[in-house]
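> Pasting in a structure now, in structure tokens, and then I'll have a few things to ask.
The values are calculated or read from the model by the stated rules, or taken from the named source; none is laboratory data. Only a predicted model underlies this, so the values are computations on that prediction, with no experimental measurement involved. Here the Cβ is made from the backbone with ideal geometry for all residues, glycine too, and neighbour counts use every protein chain on show.
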Amino acid sequence: MIITNVQKYSIHDGKGIRTTVFFKGCPLSCRWCHNPETQAYEKEYMHYKDRCTGCNECGGKYYEDCINNAWEICGREISVQELVKEVLKDSAFYETSGGGVTLSGGEVLSMDMEEIVSLAEILTRRGVSVNIDTCGHADYSRFEALIPYTDTFLYDLKIMDPDLHKEYTGTDNKLIQENLKKLSKVHKRIWIRIPVIGGVNDTMENMEETADFLKDNDIRPEHIHLLPYHETGSSKYERLKRTYDEAFTVPKDEELNTFRAVFEERGYSNVLIGG
């Protein structure tokens with residue numbers, strides 16, 4: 001397995017205090033992604049211009065022994081047992097807060113499923129709550145394999161229009177929607193997470209279509225989270241030698257409140273902004 005980070009004391013990836021594991025690799029390539037280093041499945045290098053003195057000792061290549069630490073490797077290989085050992089260091093926090101471990105990405109469901117299922121099974125046997133944070137774009141058999149060991153699925157719904165979804169994420173949304181319909185019939189603890197991206201999906205039409213899709217398919221998530229776009233990951237693109245689309249904007253509070261009302265009007269009383 002290749003991961004990019006084990007984030008301690010996460011409070012937005014499920015109930016309680018959690019440790020979130022970010023796996024490397026994703027079938028989507030969302031243009032607003034704030035963790036672009038998790039998109040590719042292989043290790044990458046990030047270059048920090050502010051640390052670089054222009055000595056040219058690296059010859060334009062990637063050297064881990066840069067005397068100025070101007071290069072950083074994104075991605076480290078780790079075994080299931082090593083990862084279990086690492087996340088169990090925070091067991092006391094899980095026990096006192098009702099938290100646990102969240103497997104995120106990238107996309108955890110696009111990893112080696114034998115390893116992921118083994119990881120989730122071991123943690124479950126140790127009494128640790130496991131959450132799966134997913135974009136939903138995976139063969140449904142991968143969901144089925146993890147259902148017995150998953151407390152909560154954190155499920156993204158980004159854009160309802162399939163063409164627009166493909167334009168901004170690289171794939172259409174058919175598989176994502178079908179998987180959510182299937183999952184909701186057998187696993188009732190689902191949190192829907194909707195990133196609200198100014199200039200992309202921040203329209204009444206998109207929010208109404210999203211709310212209608214949930215209602216028409218009798219999908220009753222435990223929570224619906226409207227996640228306002230932020231720019232905290234934009235600097236990573238330059239470090240990865242990629243271009244960042246700066247056309248996105250942060251939605252205003254009044255817009256978010258209006259969108260929340262769209263879901264509440266359809267009977268969803270558990271709609272939160274953020275988190």
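> Considering only residues that are of a type outside the set (F, W, Y), surrounded by 17 or more Cβ atoms within 10 Å (Cβ to Cβ) and touching a strand residue (DSSP E or B) at 6+ places or on another chain (Cβ under 8 Å), which ones fall in the stretch 11-29?
Passing the criteria: D13, G14, K15, I17, R18, T19, T20, V21, K24, G25.
> Residue check, V117 against (1) surrounded by fewer than 19 Cβ atoms within 10 Å (Cβ to Cβ); (2) outside any helix (DSSP H, G or I), all met but one. Which one?
(2)
> For the stretch 122-153, give me the residue count where each residue is crowded, with 21+ Cβ neighbours inside 10 Å and assigned to a strand (DSSP E or B).
Result for the stretch 122-153: 7.
> Which pairs do you get when a residue that is in contact (Cβ under 8 Å) with a residue 24 or more places away in the chain and closer than 16 Å to I219 by Cβ, found in the stretch 249-270, comes within reach of a residue that is of a type in the set (F, W, Y) and not in a loop (DSSP other than H, G, I, E, B), reach meaning Cβ atoms under 9 angstrom, with the pair 6+ apart or on two chains?
Qualifying pairs under 9 Å: N270/F263.
> When you scan the stretch 254-269, do you find a residue that is at pLDDT below 95 and part of a loop (DSSP other than H, G, I, E, B), even just one?
Among the residues of the stretch 254-269, at least one is at pLDDT below 95 and part of a loop (DSSP other than H, G, I, E, B), which makes the answer yes.
> Still on this structure: For the condition within 28 Å of E167 (Cα to Cα), in a helix (DSSP H, G or I) and charged (D, E, K, R), what is the one hit in E86, E37?
From the options E86, E37, the qualifying one is E37.
> So which residues in the stretch 204-226 are in a helix (DSSP H, G or I) and either β-branched (V, I, T) or touching a residue at least 40 places away in the same chain (Cβ under 8 Å) (or both), if there are any at all?
M204, N206, M207, E208, E209, T210, A211, D212, F213, L214, K215
> Just to be sure, is T152 at negative phi, touching a residue at least 12 places away in the same chain (Cβ under 8 Å) and within 16 Å of the chain's Cα centre (by Cα)? Walk me through how you get there before you give the answer.
Values: at negative phi: yes; touching a residue at least 12 places away in the same chain (Cβ under 8 Å): yes; within 16 Å of the chain's Cα centre (by Cα): yes.
The answer is yes for T152.
> Could you please find all residues in the stretch 89-114 being among the hydroxyl-bearing types (S, T, Y) and either within 14 Å of Y9 (Cβ to Cβ) or assigned to a helix (DSSP H, G or I) (or both)?
Within the stretch 89-114, S91, Y94, T96, S97, T102, S110 meet the criteria.
> Could you please give the count of residues in the stretch 233-253 that are loosely packed, with under 11 Cβ neighbours inside 10 Å, under 27 Å from M204 (Cα atoms) and modelled with pLDDT of 85 or more?
1
> Related question: Given (1) in a loop (DSSP other than H, G, I, E, B); (2) free of Cβ contacts under 8 Å to residues at least 12 places away in the same chain; (3) among the hydrophobic types (A, V, I, L, M, F, W, C), where does L28 come up short, assuming only one miss?
Just one mismatch for L28, condition (2).
> What residue, among those in the stretch 91-106 that are under 14 Å from V21 (Cα atoms) and of a type in the set (V, I, T), is farthest from the chain's Cα centre (by Cα)?
Per the criteria, the residue is V101.
> Kindly check whether there is at least one residue in the stretch 43-61 that is part of a loop (DSSP other than H, G, I, E, B), under 29 Å from S91 (Cβ atoms) and in contact (Cβ under 8 Å) with a residue 24 or more places away in the chain.
Within the stretch 43-61 (the criterion being part of a loop (DSSP other than H, G, I, E, B), under 29 Å from S91 (Cβ atoms) and in contact (Cβ under 8 Å) with a residue 24 or more places away in the chain), the answer is no, since none of the residues qualifies.
> Out of (1) in contact with a strand residue (DSSP E or B) (Cβ under 6 Å, 6 or more places away or on another chain); (2) small (G, A, S); (3) exposed (fewer than 15 other Cβ atoms within 10 Å of the Cβ); (4) on the phi < 0 side of the Ramachandran plot, what's the single condition that is false for G198?
(3)
> Which residues, taken from the stretch 79-112, are without any contact (Cβ under 8 Å) to a residue 60 or more places away in the chain, touching a Leu at 6+ places or on another chain (Cβ under 8 Å) and either under 24 Å from L183 (Cβ atoms) or hydroxyl-bearing (S, T, Y) (or both)?
The one that is without any contact (Cβ under 8 Å) to a residue 60 or more places away in the chain, touching a Leu at 6+ places or on another chain (Cβ under 8 Å) and either under 24 Å from L183 (Cβ atoms) or hydroxyl-bearing (S, T, Y) (or both): L109.
> What residue, of K166, K158, K174, is under 20 Å from F213 (Cβ atoms), surrounded by fewer than 16 Cβ atoms within 10 Å (Cβ to Cβ) and in contact with a helix residue (DSSP H, G or I) (Cβ under 9 Å, 6 or more places away or on another chain)?
Unique residue meeting the criteria: K174.
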